[in-house]
1. Just checking: which of the helices (runs of 4 or more DSSP H) contained wholly in segment B:148-232 hold 3 or more residues that are more than 29 Å from residue B:297 (Cβ to Cβ), touching a Leu at 6+ places or on another chain (Cβ under 7 Å) and aliphatic (A, V, I, L, M)?
2. Just to be sure before I move on: is residue B:248 more than 30 Å from residue A:104 (Cα to Cα), more than 12 Å from chain A (Cβ to nearest Cβ), in contact with a Pro (Cβ under 7 Å, 6 or more places away or on another chain) and not in a loop (DSSP other than H, G, I, E, B) in the structure I sent?
3. I'm trying to understand the selection: among the residues of segment A:1-28, which are part of a loop (DSSP other than H, G, I, E, B) and within 20 Å of the chain's Cα centre (by Cα)?
4. Would you tally the residues in segment A:13-46 being touching a Pro at 6+ places or on another chain (Cβ under 6 Å) and open to solvent by 10 Å² or more (accessible area, probe 1.4 Å)?
5. Does residue A:53 fit the bill of being assigned to a strand (DSSP E or B), buried (at least 17 other Cβ atoms within 10 Å of the Cβ) and facing chain B (nearest Cβ under 9 Å)?
6. Does segment B:196-218 include one or more residues that are touching a Cys at 6+ places or on another chain (Cβ under 8 Å), aliphatic (A, V, I, L, M), within 25 Å of residue B:134 (Cβ to Cβ) and buried (at least 17 other Cβ atoms within 10 Å of the Cβ)?
Amino acid sequence: MQPALLEVESLTVMRGQRLLCERLALTLRAGEIWAVLGVNGAGKTTLLHTLAGLLDPAAGRIVLCGTDLRHTARRWVARHLGLLPQYVDDPFPATAFEEVLAGRHPHLPALAWETPADEAFARAALAAVGLAEAENRLTTHMSGGERRRVQLATLITQDAQVWLLDEPTNHLDLTRQVETMRLLQDKAQCGRAVCMALHDLNLAARWCTHALLLFGEGAWLAGRTDEVLTGEHLSRAYAHPLQAHIVAGRQIFLPD
Amino acid sequence: MRPPVLILLLVLLSAATLAAALATGSSAVSLRDALAGDAMARAILLELRVPRAAAAYACGGLLALSGVLMQALLRNPLADPYVLGISGGAATFALVCIALGLAAPLVAAGSFAGAVLATALVFALASVRHDFAPARLLLTGVVLASGWGAAISLLLALAPPSGVQGMVFWLLGDLSAAQAPGFAWAVLLVAAVIAFALARSLNLLARGAVQAGALGVDVANLRRGLHLLGSACAAVAVSSGGSIGFVGLVVPHLLRLTGLRDHRWLVLAAPLAGGALLTAADTAARTLIAPQQLPVGVLTTLLGVPLFLWLLRRDAVR
């Protein structure tokens, strides 16, 4: 069995007075790709931020690479766990290259400047998202999809063990969505654990090995994709009838 | 322009403005007279022009550095050192001191106390669970600033006519009472070193708390530190030169418009550029209609407005 990178033990997450998930238990192992699914406001983003250590849970424990998250410095966390936020807005201009290079921040000592190796890392990341030519463009002049890919390249540059992504396919066209999922799959196969909030059930069914369904009011279901993603479970999670169909040998979900 | 070249240019510009400030004044004393050993010329140089130029430079540097820090803290390009009400608190206390007829050093001390009080108020009111969100911090500061503004208006309305001119000069920004610039210089140097050490984190904070946190920045502590550092700079500047406008807003933008985006360079370039701008403006304020002195805050704004608009248009047209 692959090593556990992120272990969640009896985690209760609240937002104000609202219970988002109660006594959640799951383990992200190297090679796994998790989809976090649920309706708007079900708590996907809050859960990801909690897993990243940016918010405190109401109860429970998160263990990152063998260390309890409560006993770690932010910089250490950032070397082992990266997060692609749902939104990143830049009130100040920066080039794509500068933005991506920032991913090396947790790896650099306090007063150090980026080395040529760090710069090469950032260029390779930009190339991996198809933006090799765009390194000197200001992100404020880029399209939404291009900016999303720059943010993904920042995460690649951060080079963590655990990748948390909040709706990574937002703003991406169909080709880029598939490329992104393929890139994440490659990373998982290189020993990373990937966990992403998604709205597209069919992307989740196609690319993710595991899924976490948030039903609201604290209820959840976690497990292998083929066990969790069923018409019955999804209909309950989305409070809308959904049916599974087999098309071209692949399961897809369609709302009624 | 490459950042090290820009820094070098700013160092040269600083030297030139400081030299010009020492060489000119309401009396026709030149640097050469002083160096030749003329006692009178030497006294004017060492006792009047050197402290004044040093105060102007430190004050401008502090304001520009504070502007960079506040803009990163609030993630708002329109933020300046005074946006959180520091100058309002300082001005209210300074005006009270002027109304009481206190001497200049006491007015400066009073304004410093006011600035500290204004900062502490914002800190206490905007902080929730040891952190402050930029939006709440900004609104708290802006609301308090308008409160201070009302107090200032009240003081001006009630003050005897003889005191009003001194008050107005203070409000417009005036370095004629600036003394002992050593303290301002020390604060500027220490603040610039701390800001430089934090600068890589500032680059991340400018992109938002979530992104900064995800990349390993302790956001709550960084924000507290930034608020204190930016406020300390502004408080020292305001207590030595009054509310000199525009330097803290315009200098960070001027530098950004030249292509400087990395805070590691910005926190070095801002004190140099701010110091040079204010020294040049103060020299003009002392000499344009000498022996009459103009309030330097008016000149910084008059210099800054066209420069800024020109750069902004040039940037948009390109």
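The values are calculated or read from the model by the stated rules, or taken from the named source; none is laboratory data. This is a predicted model, so every value here is computed, not measured. Counting neighbours? That spans all protein chains shown, and the Cβs are built from the backbone with ideal geometry, glycine included. Quick note on the areas: whole protein, heavy atoms, side chains included, nothing else; ligands and nucleic acids left out. Shrake-Rupley method; radii C 1.70, N 1.55, O 1.52, S 1.80 Å.
1. On the way: elements: B:161-172, B:182-205, B:209-214.
Once the helices (runs of 4 or more DSSP H) in segment B:148-232 are filtered for at least 3 residues that are more than 29 Å from residue B:297 (Cβ to Cβ), touching a Leu at 6+ places or on another chain (Cβ under 7 Å) and aliphatic (A, V, I, L, M), what remains is B:182-205, B:209-214.
2. On the way: more than 30 Å from residue A:104 (Cα to Cα): yes; more than 12 Å from chain A (Cβ to nearest Cβ): yes; in contact with a Pro (Cβ under 7 Å, 6 or more places away or on another chain): yes; not in a loop (DSSP other than H, G, I, E, B): yes.
Yes, satisfied.
3. A:2, A:3, listed by residue number.
4. Residues in segment A:13-46 being touching a Pro at 6+ places or on another chain (Cβ under 6 Å) and open to solvent by 10 Å² or more (accessible area, probe 1.4 Å): 0 in total.
5. For residue A:53, the condition - assigned to a strand (DSSP E or B), buried (at least 17 other Cβ atoms within 10 Å of the Cβ) and facing chain B (nearest Cβ under 9 Å) - is not met.
6. Taking every residue of segment B:196-218 in turn, none turns out to be touching a Cys at 6+ places or on another chain (Cβ under 8 Å), aliphatic (A, V, I, L, M), within 25 Å of residue B:134 (Cβ to Cβ) and buried (at least 17 other Cβ atoms within 10 Å of the Cβ).
Okay, residues lined up against (1) open to solvent by 40 Å² or more (accessible area, probe 1.4 Å); (2) more than 27 Å from residue B:255 (Cα to Cα); (3) of a type in the set (D, E, K, R); (4) touching a residue at least 60 places away in the same chain (Cβ under 8 Å):
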| position | (1), (2), (3), (4) |
| --- | --- |
| B:26 | yes, yes, no, yes |
| B:29 | no, yes, no, no |
| B:34 | no, yes, no, no |
| B:39 | yes, yes, no, no |
| B:56 | no, no, no, yes |
| B:63 | no, no, no, yes |
| B:67 | no, no, no, yes |
| B:71 | no, no, no, yes |
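Every residue, every condition in (1) in a helix (DSSP H, G or I); (2) among the small types (Gly, Ala, Ser); (3) over 12 Å from the mean Cα position of the chain (by Cα), yes or no:
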site	(1), (2), (3)
A:154	yes, no, yes
A:179	yes, no, yes
A:184	yes, no, no
A:191	no, yes, yes
A:194	no, no, no
A:203	yes, no, yes
A:211	no, yes, yes
